[in-house]
């Protein structure tokens, strides 16, 4: 017989969890005591529970494993909600263990009590309240199973304190069967045959892929298939790295800040092969405008509810992406011929490419695009790039060419400012030798800045690329373009001296103000300060905007290009 | 906008109802009525939801319901032959000449009087929702003291069976 708290730790060991991100408190004291008595599961003590969940989320995003966070009841839980919702919107597998007040206090407004299951319900894939110590192990097993299978997502397990003190036999099930949860894996063969037929007839095809390719580890199959087909490929923000960005068939990211060629190719395609993507509002713009063109859509996704949600789909294929892509390639081996008209389509795409829509003008100030280009060069394209949310996120997505999956770590769906720094911590726990660049802005970085302390404690050598324009850049851009330059609350006065701030936490700080200093500073940070956290405060052009841009409610081809202004 | 009756088999666990109700409110779907109770297998509950929406919305409703981890099966009963019933208890003023009139109306609608006092009747009435509606409109509104309805429950005809 062992205690509930020991059962929790044993379960984590059985799941081969090597670290958890967390913060102790009253309701989880037994669990922390059990954690203390072993060394298989490491614990990373964050400075705010939100960061624990973001770090666990990035641990998942940057590896093929499930990230785990551990927090106490009440405020511990409410602080995690942003992180859980962030992971939920991007379908990130994660298990969040939360302490709860003793079960006999539940409902009595006890100290640090909150309705964890109720508060998190709308932003989890599933959640549990453990009511009996005998159910504890199987519940944790279920949590890992549910989080990591089907369309992945965060799962919360709420554990009352008395349960963690009770004694019970430990028996961890090897496998689990749930009559109510059996996600489909194999795609329907008839549908796959139909898809292959349509691909063969396509004259203006495009392969449009999203986060599903990354999550299902299908980058290899996708690349093989795209090469076999010789079709253009575009990625969503969440799909970057699913297809090598330096490949000649890659037309760039699409959507609100997508390239001219990607958005046009998507809009005018006669066949769209959508893979693990969901046609969201930031991708296709106005759905009525998008549906003006006649086209056939093949949609592969593990989640049936993503299919025909916003765009009518002709051939739905529900299944695990790599398995379905393998099936498609198997069928293609029986004599597949690409339509000869695809050659003309490529000519058209090359003409669109000729607009060079990511071109930007250098100025006396440091241009943010330039910093991203240099970051790419200096890191050889091999860094894990975590990002916050705003203009800098778009610049990173546009100018850092991701050739490998799981290297681009950002909050795509929820758009959570403040994730970048804790994401870097999660990446480093999953990939200890990685080069990690956190691309951020002076707005976002201050939303989880306290984690500089965690980074010091555990020696996380993150390179913070702070694109500092003294403005909440994306808000300012919209106000400039759509609110007659009324910059309501989008400028930040009394910014801290970031160099001193970094130094106060025991890190290296650099302030870079001239374009010619950008590259040397980056080189210095990534070589001389390889093992240090370096806070690089780039004072950039205060009015640089992100282009191309599809304004909200506009059609995908109604782009504003930098040259138009 | 069409009327649909969705039947759900769901694990009989605490919170199951709020998962379903939360899904409907979060995604802006209608619930006109909802009934739930355990089935012959006490580990399973059966829920019946009366909703309305376009075909696209209904497709999303069934897909989203199926996505809930506790949901075992979902069927749109109104897609094929089915029977549906709703139970109503209605308390009416029954004094003087109204007493006989109420008794007569209950008989016409095949209702049963299940509680009698000097001045009131409670009438139990079962049927399709439209029948309950017409009973209410057949009564003098001033005499209705209280109504309570269970919401629709339904079952497929013949071999259409919803079971694990």
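The values are calculated or read from the model by the stated rules, or taken from the named source; none is laboratory data. These numbers were taken from a predicted model, which means no experiment stands behind them. Backbone-built Cβ (ideal geometry, glycine too); neighbour counts: all protein chains shown.
Does segment A:234-252 include one or more residues that are part of a loop (DSSP other than H, G, I, E, B), in contact with a strand residue (DSSP E or B) (Cβ under 7 Å, 6 or more places away or on another chain) and without any contact (Cβ under 8 Å) to a residue 12 or more places away in the chain?
no
Inspect all residues belonging to segment A:76-90 and state whether any of them is more than 18 Å from residue A:423 (Cα to Cα) and in contact with a strand residue (DSSP E or B) (Cβ under 8 Å, 6 or more places away or on another chain).
Within segment A:76-90, one or more residues are more than 18 Å from residue A:423 (Cα to Cα) and in contact with a strand residue (DSSP E or B) (Cβ under 8 Å, 6 or more places away or on another chain).
Within segment A:95-116, identify whether any single residue is within 25 Å of the chain's Cα centre (by Cα), within 14 Å of chain B (Cβ to nearest Cβ) and farther than 28 Å from residue A:240 by Cβ, and answer yes or no.
Yes; the residues of segment A:95-116 include at least one that is within 25 Å of the chain's Cα centre (by Cα), within 14 Å of chain B (Cβ to nearest Cβ) and farther than 28 Å from residue A:240 by Cβ.
When you check residue A:121 against the structure, is it touching a strand residue (DSSP E or B) at 6+ places or on another chain (Cβ under 7 Å), surrounded by fewer than 24 Cβ atoms within 10 Å (Cβ to Cβ) and within 9 Å of chain B (Cβ to nearest Cβ), yes or no?
On the way: touching a strand residue (DSSP E or B) at 6+ places or on another chain (Cβ under 7 Å): yes; surrounded by fewer than 24 Cβ atoms within 10 Å (Cβ to Cβ): yes; within 9 Å of chain B (Cβ to nearest Cβ): yes.
Answer is yes for this residue.
From the list A:163, A:206, which one is surrounded by 14 or more Cβ atoms within 10 Å (Cβ to Cβ), more than 14 Å from every other protein chain (Cβ to nearest Cβ) and assigned to a strand (DSSP E or B)?
When all the criteria are applied, what remains is A:206.
Say whether the condition of being touching a helix residue (DSSP H, G or I) at 6+ places or on another chain (Cβ under 6 Å), under 30 Å from residue A:137 (Cα atoms) and in contact (Cβ under 8 Å) with a residue 24 or more places away in the chain is met by at least one residue in segment A:188-202.
Quick first cut of segment A:188-202, residues touching a helix residue (DSSP H, G or I) at 6+ places or on another chain (Cβ under 6 Å) only: A:192, A:196.
Okay, now just the ones that are also under 30 Å from residue A:137 (Cα atoms), so none.
Looking through segment A:188-202, none of the residues is touching a helix residue (DSSP H, G or I) at 6+ places or on another chain (Cβ under 6 Å), under 30 Å from residue A:137 (Cα atoms) and in contact (Cβ under 8 Å) with a residue 24 or more places away in the chain.
Give just the number: which of (1) within 19 Å of the chain's Cα centre (by Cα); (2) surrounded by fewer than 17 Cβ atoms within 10 Å (Cβ to Cβ); (3) at pLDDT 95 or above does residue B:79 not satisfy?
(3)
Return a yes/no flag: does segment A:338-346 have any residue that is farther than 17 Å from residue A:205 by Cβ and either more than 23 Å from the chain's Cα centre (by Cα) or away from chain B (no Cβ under 14 Å) (or both). Quick ask: steps written out before the conclusion?
First, the residues of segment A:338-346 that are farther than 17 Å from residue A:205 by Cβ: none.
Checked segment A:338-346: no residue is farther than 17 Å from residue A:205 by Cβ and either more than 23 Å from the chain's Cα centre (by Cα) or away from chain B (no Cβ under 14 Å) (or both).
Kindly check whether there is at least one residue in segment A:15-27 that is assigned to a helix (DSSP H, G or I) and in contact with a helix residue (DSSP H, G or I) (Cβ under 6 Å, 6 or more places away or on another chain).
So far as segment A:15-27 goes, yes, one or more of its residues are assigned to a helix (DSSP H, G or I) and in contact with a helix residue (DSSP H, G or I) (Cβ under 6 Å, 6 or more places away or on another chain).
If a residue has to be within 25 Å of residue B:31 (Cβ to Cβ) and free of Cβ contacts under 8 Å to residues at least 40 places away in the same chain to count, how many in segment B:124-160 make the cut?
Final tally of qualifying residues: 7.
Of all residues in segment A:149-160, how many are under 21 Å from residue A:66 (Cα atoms) and either part of a strand (DSSP E or B) or away from chain B (no Cβ under 14 Å) (or both)?
6
Among (1) in contact (Cβ under 8 Å) with a residue 12 or more places away in the chain; (2) assigned to a helix (DSSP H, G or I), where does residue A:121 come up short?
(1)
Is it fair to say residue A:311 is touching a strand residue (DSSP E or B) at 6+ places or on another chain (Cβ under 9 Å), surrounded by fewer than 24 Cβ atoms within 10 Å (Cβ to Cβ) and either within 14 Å of chain B (Cβ to nearest Cβ) or touching a residue at least 24 places away in the same chain (Cβ under 8 Å) (or both)?
So residue A:311 passes the test.
If you check residue A:281 against the conditions, is it farther than 20 Å from residue A:195 by Cβ, surrounded by fewer than 24 Cβ atoms within 10 Å (Cβ to Cβ) and at pLDDT below 95? Even if it seems obvious, please write down each step before you answer.
Details: farther than 20 Å from residue A:195 by Cβ: yes; surrounded by fewer than 24 Cβ atoms within 10 Å (Cβ to Cβ): yes; at pLDDT below 95: yes.
So residue A:281 passes the test.
Given the structure, is residue A:517 modelled with pLDDT of 95 or more, over 24 Å from residue A:550 (Cα atoms) and loosely packed, with under 13 Cβ neighbours inside 10 Å? Before the answer, list the steps.
Working: modelled with pLDDT of 95 or more: yes; over 24 Å from residue A:550 (Cα atoms): yes; loosely packed, with under 13 Cβ neighbours inside 10 Å: no.
Considered against the rule, which asks whether it is modelled with pLDDT of 95 or more, over 24 Å from residue A:550 (Cα atoms) and loosely packed, with under 13 Cβ neighbours inside 10 Å, residue A:517 comes out as no.
Among the residues of segment A:284-307, count how many are within 14 Å of chain B (Cβ to nearest Cβ) and surrounded by 17 or more Cβ atoms within 10 Å (Cβ to Cβ).
8
Report those strands (runs of 3 or more DSSP E) wholly inside segment B:1-115 carrying at least 3 residues which are within 11 Å of chain A (Cβ to nearest Cβ).
Once the strands (runs of 3 or more DSSP E) in segment B:1-115 are filtered for at least 3 residues that are within 11 Å of chain A (Cβ to nearest Cβ), what remains is B:2-11, B:71-76.
Give me the residue from segment A:212-240 that is surrounded by fewer than 24 Cβ atoms within 10 Å (Cβ to Cβ) and under 17 Å from the mean Cα position of the chain (by Cα) and, out of that set, farthest from residue A:381 (Cα to Cα).
Once the filter is applied, the top-ranked residue is A:217.
Just for segment A:124-148: of the residues that are within 11 Å of chain B (Cβ to nearest Cβ) and assigned to a loop (DSSP other than H, G, I, E, B), which one is farthest from residue A:61 (Cα to Cα)?
A:131
Taking the condition within 14 Å of another protein chain (Cβ to nearest Cβ), surrounded by 19 or more Cβ atoms within 10 Å (Cβ to Cβ) and in contact with a helix residue (DSSP H, G or I) (Cβ under 8 Å, 6 or more places away or on another chain), does residue A:317 pass?
Spelling it out, it is not the case that residue A:317 is within 14 Å of another protein chain (Cβ to nearest Cβ), surrounded by 19 or more Cβ atoms within 10 Å (Cβ to Cβ) and in contact with a helix residue (DSSP H, G or I) (Cβ under 8 Å, 6 or more places away or on another chain).
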